[in-house]
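The values are calculated or read from the model by the stated rules, or taken from the named source; none is laboratory data. Please read these numbers as outputs of a predicted model, since none were measured by experiment. Glycine also receives a Cβ, built like all others from the backbone with ideal geometry; neighbour counts cover every protein chain displayed. These accessible areas exclude ligands, DNA and RNA; they are computed on the full protein's heavy atoms, side chains included. Shrake-Rupley method; radii C 1.70, N 1.55, O 1.52, S 1.80 Å.
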Amino acid sequence: MPKTVADVMSHNPVVVKPETPLQEAIKILAERRISGLPVVDNDGKLLGIISETDLMWQETGVTPPAYIMFLDSVIYLQNPAVYERDLHKALGQTVGEVMSKNPVTVSPEKSVKQAAQLMHDRNVHRLPVLDDAGQVIGILTRGDIIRAMANS
């Protein structure tokens, strides 16, 4: 019988709230040697995910979008909305300001193979596992899948 996400996921993952200070989230990631944390509301419902990638903006800063001036008008060569989003991440002080919204998720009854395919197709490193009520009950990482492959 194929293994399910529930068989190999990490149960009861560490979660943070949107109002959690960034420094606290950074400390959790470093101390626990994990690369991402689900962000939940007071009812435990998933709002987003904060990952090492989201935090890199804090160190690297943001480059304004290239533009040209033409007849006293500014014409952006890249989408300025992307710059605004990245700037917000670089200047954010709380998890909610920096997190990625609408993360890819998986249900516990999906097969490990389906979850692995989803991770590959969407290029994500972790999948929050949600129950029917939208509560975070686990997290599935690429490492979990590799360990499951090694044990089978």
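Descriptive notes on the structure:
- Residue ID - farthest from Asp54 (Cα to Cα), chosen from residues in segment 92-128 that are in contact with a His (Cβ under 9 Å, 6 or more places away or on another chain) and of a type in the set (A, V, I, L, M, F, W, C): Met119
Yes/no per residue for (1) within 25 Å of Val16 (Cα to Cα); (2) touching a strand residue (DSSP E or B) at 6+ places or on another chain (Cβ under 6 Å); (3) open to solvent by less than 100 Å² (accessible area, probe 1.4 Å); (4) among the polar types (S, T, N, Q):
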residue: Ala115; (1), (2), (3), (4): yes, yes, yes, no
residue: Val124; (1), (2), (3), (4): yes, no, yes, no
residue: Pro128; (1), (2), (3), (4): yes, yes, yes, no
residue: Ala133; (1), (2), (3), (4): yes, no, yes, no
residue: Ile139; (1), (2), (3), (4): yes, yes, yes, no
residue: Arg147; (1), (2), (3), (4): no, no, no, no
residue: Ser152; (1), (2), (3), (4): no, no, no, yes
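- Count of segment 16-41 residues which are at pLDDT below 95, closer than 18 Å to Val124 by Cβ and not β-branched (Val, Ile, Thr): 4
- Of the helices (runs of 4 or more DSSP H) lying entirely inside segment 46-152, the ones with 1 or more residues being among the charged types (D, E, K, R) and modelled with pLDDT under 85 are found at 52-60, 80-91.
- Pairs with Cβ under 7 Å, 6+ apart, first in segment 9-38 and in a helix (DSSP H, G or I), second β-branched (Val, Ile, Thr) and surrounded by fewer than 16 Cβ atoms within 10 Å (Cβ to Cβ): Ile28/Val14; Arg32/Val14
Table: residues versus (1) on the phi > 0 side of the Ramachandran plot; (2) open to solvent by less than 40 Å² (accessible area, probe 1.4 Å); (3) over 13 Å from the mean Cα position of the chain (by Cα).
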position: Lys3; (1), (2), (3): no, no, yes
position: Asp7; (1), (2), (3): no, no, yes
position: Asn12; (1), (2), (3): yes, no, yes
position: Pro21; (1), (2), (3): no, no, yes
position: Ala25; (1), (2), (3): no, yes, no
position: Glu31; (1), (2), (3): no, no, yes
position: Gly36; (1), (2), (3): no, yes, no
position: Asp41; (1), (2), (3): no, no, yes
position: Lys45; (1), (2), (3): no, no, yes
